[in-house]
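Readers should treat all values here as calculations from the given coordinates under stated rules, not as data from a laboratory. Because the structure is a prediction, the values reported are computed rather than measured. Please note: Cβ atoms are built from the backbone with ideal geometry, for glycine as well, and neighbour counts cover all protein chains shown.
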Amino acid sequence: MTNTTNIFLKKPLIFLFITGLFFCFKKAASQIPNPVLIGYFHNWQDASAPYIQLDQIDPRYKLIDVAFAIPQAGTDYKMQFVPDQVTIPTFIAQIQTLHTQGRKVIISLGGATAPITLNNTLERDTFVNTITNIINTYGFDGIDIDFEGSSLLVTGGTISNPIDQPIIHLINAVKQIMANYQALNNQKMILTMAPETAFVQGGQSGYGSIWGAYLPVIDALRDSLDILHVQLYNSGSMFGIDNNIYQQGTADFIVAMCEAVIQGFNTTGGYFNGLPASKIAAGLPACPSAAGGGYCNPDTVKAAINYLRGTGNAPGAYQLSNALGYPTFRGLMTWSINWDATPLCGSTYEFANNYTSIYGLPLPAALIDFSAIKNPHCGTDLYWKTASETNTAYFEIQKSIDGIHFTPIDKINANNIPFGAEYHYTDNHAMNTIEYYRLTMVDIDQNYSYSKTISLFNCTQQNITIYPNPSSDYIIIQGAATDDLIQIINPLGQVVLTKRASQQNESIDIEKLSNSFYNIIITNKLTGQKSVHSMTKQ
């Protein structure tokens, strides 16, 4: 990640830590739906879980945690955040786009590789100033506390009366950040936390070091905390409140760990009073590769959440102490949206689809193909196919010259056939650049999702003729210069044949190609100029 220097707030901080003082914040409950699907967006490129544009995240994710704001080099308290794959203005614009859709975007602090420790008031004040500056610069709706490693340690005291300065300073810093946000925005800042199990439920085993170290923070900020989603992964075994031990990656682990923070439990540092079920979500990996351990398949997750919500039977040995369950249980959190979106680990948006299934929400259109090809007139023919349509209103066709900023060009009403349908659309407005296309699939209830983005080279007319076209066995390319590069591209954008022209009337065998539409891209050996042509194999 790239370092940058944040501009400190110029006004001095005035900390409002008067015993018994209550702030009159506008409540944030209405800002976050119940239930809610929460996901972490990782702000870096990963070959296995590629970077996706913030404003292209599946719309079922209503609360998005941007990971991460981290300390500047040489400190563990002076915070910074810089978008990794886009410019700062673009990232700000993408957040604003999500806001127009009623979604919330917060900045997550820390993560597994960036410890944050506030040892004194100077470090606390710097932390507050830099986080406030990040929130104000980007328009974040709040913060997520994801302190891991050595960030928080307990050496004494109790849950209700901590003595460790980093814990005390963190509590006071969050209060001041919230006060700053309230003063500027006239509403409550969203606050979530994502501790590891050892820092919370682990307090039952022993209160000291990392064990239970989050509990004083949760306790002190319980009235301001919107959602606690403990990471139920990368965890060892943990005690449930029934004094039995449960292993990660099971339905029992999900149920036991969630009920523990709802019901509360004893520690040697005092009793931890539970939180309302409406403030608890289950944090789980999106797919097997997203975490070192703790992945549960969709059926296991569904069985656990249904039991927690009181809509299903016990999926294992653990029995809820509240036999009626918790109907207001807030929802699901996942690491991460990027892992959920990639088809390289499970199916695309498998976690979001399971959330939809658990809460009985309609599924978006199931798109199984989206392709494009240049036609002989330099227009673009778009083709797409759905496997099912039970709640789809229309498809909006969007076009871009940079793959980031898209403009709607037309919309096609959905056939709304349960077993799916095929569609075709022609864009006759060629552009002198690479063209990018995507679909927005809009449901009847106005939820929507994006297709993948596909791109085509510009269609530059040259004195090149391709015949016979259509053809079943061979084509002749007339007009290409010797050593010009010839590439045949299938509707998925894959290069299926590459060769250099050896003569002006180049014969190419296409008998082994599948019957379909193809683009032929011819690159001039001297200028690098590309021309795009179409061909049909039949």
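To the nearest whole percent, what portion of all C-alpha pairs in the range 136-267 is separated by more than 26 angstrom?
25
Whose amide H sits under 5 Å from the amide H of Asp410, counting only residues 5 or more places off or on another chain, with H placed in the peptide plane?
Ile397
Would you order Tyr271, Tyr61 from fewest to most other beta-carbon atoms within 10 Å of each residue's own beta-carbon?
In increasing order of surrounding Cβ atoms, one gets Tyr271, Tyr61.
If each of Lys452 and Asn243 carries a label point 7 Å out from its Cα toward its Cβ, how far apart are those two points in nm?
According to this spin-label approximation, the distance is 5.5 nm.
Considering the dipole of the chain built from charges on the beta carbon (Lys and Arg +1, Asp and Glu -1) around the Cα centre, which of Tyr518, Leu152, Asn490 is farthest to its positive end?
Toward the positive end, the furthest listed residue is Leu152.
From Cα pairs below 8 angstrom and at least 6 apart in sequence, can you work out the relative contact order of the range 465-537, rounded to a whole percent?
35
Which is farthest toward the positive dipole end of the chain among His405, Val442, Ile131, measuring Cα position about the Cα centre, with Cβ charges +1 (Lys, Arg) and -1 (Asp, Glu)?
Sorting the options by dipole projection puts first Ile131.
Between helix 121-138 and the chain, what is the angle of the helix's C-alpha long axis to the longest principal axis, kept within 0 to 90° and rounded to the nearest 10?
Once rounded, the angle reads 30 degrees.
Using Cβ contacts closer than 10 Å as the measure, can you line up Val66, Val255 from fewest to most?
Neighbour counts put them in this order, fewest first: Val66, Val255.
Seen from all sides and averaged, what is the projected area of the convex hull of the Cα atoms in the range 137-180, in nm²?
Directional mean of the projected Cα hull area for the range 137-180 stands at 4.1 nm².
Calculate the length of the line joining the C-alpha centroid of the range 99-117 to that of the range 163-191, in whole Å.
Between the Cα centre of the range 99-117 and that of the range 163-191, the gap is 15 Å.
Set the Förster distance to 30 Å, then compute FRET efficiency between Gln165 and Asn266 from the Cβ-Cβ distance, nearest 0.05.
So the FRET efficiency works out to roughly 0.70.
Quick one: helix 165-185 against the long Cα principal axis of the chain, what's the angle to the nearest 10°, folded into 0 to 90?
It is inclined by approximately 60 degrees.
Quick one: which residues, 5+ away or cross-chain, put their amide H under 5 Å from the amide H of Met79? H built at 1.01 Å from N.
Result for Met79 returns Gln72, Thr130, Ile131.
Are there chymotrypsin sites (Phe, Trp or Tyr not before Pro) in the range 196-249 that DSSP marks as loop and that have at most 13 other Cβ atoms within 10 Å, and which are they?
Qualifying residues, ordered by number: none.
For the pair Ala47 and Thr121, what calculated FRET efficiency results from E = 1/(1 + (r/R0)^6), where r is the Cβ-Cβ distance and R0 = 35 Å, to the nearest 0.05?
0.20
Can you compute the FRET efficiency between Asn415 and Ala73 using 1/(1 + (r/R0)^6), with r the Cβ-Cβ distance and R0 = 51 Å? Round to the nearest 0.05.
0.35
Select one label from (1) 0.96; (2) 1.00; (3) 1.06: the one whose number is Rg/Rh (Cα atoms, Kirkwood Rh) as derived from the coordinates shown.
Label (3) holds the value from this structure.
Longer than 25 Å from Cα to Cα, which of Lys104/Lys385; Lys104/Lys279; Lys62/Lys302; Lys374/Lys411; Lys302/Lys411 are they? Say none if no pair is.
Flagged as over cut-off: Lys104/Lys385; Lys302/Lys411.
Using the crude model of +1 on Lys and Arg Cβ and -1 on Asp and Glu Cβ, and no other charge, please compute the dipole size for the chain relative to its Cα centre, in debye to 20. Intermediate values should be presented prior to the final figure.
On the way: 29 positive and 40 negative charges, 182 e Å.
Roughly 880 debye, rounded to the nearest 20.
Going by how many other beta carbons lie within 10 Å of each one, how would you line up Cys378, Cys296, fewest first?
Cys378, Cys296
Determine Rg/Rh for the range 465-537; Rg is computed over alpha-carbon atoms and Rh is the Kirkwood hydrodynamic estimate from the same atoms.
When Rh is taken as the Kirkwood radius, the ratio is 0.93.
Once both labels are modelled 7 Å past Cα along the beta-carbon direction, what's the Thr390-Thr536 spacing in nm?
3.6
I need the trypsin sites (Lys or Arg not before Pro) found in the range 490-525, filtered to DSSP loop residues with at most 12 other beta carbons within 10 Å of theirs.
On the way: sites: Lys499, Arg500, Lys512, Lys525; in loops: Lys512, Lys525.
In loop regions of the range 490-525 (DSSP not H, G, I, E or B), the sparsely surrounded trypsin sites (Lys or Arg not before Pro) are Lys512.
How about the range 332-409: which chymotrypsin sites (Phe, Trp or Tyr not before Pro) there lie in a loop by DSSP and see at most 12 other Cβ atoms within 10 Å?
none
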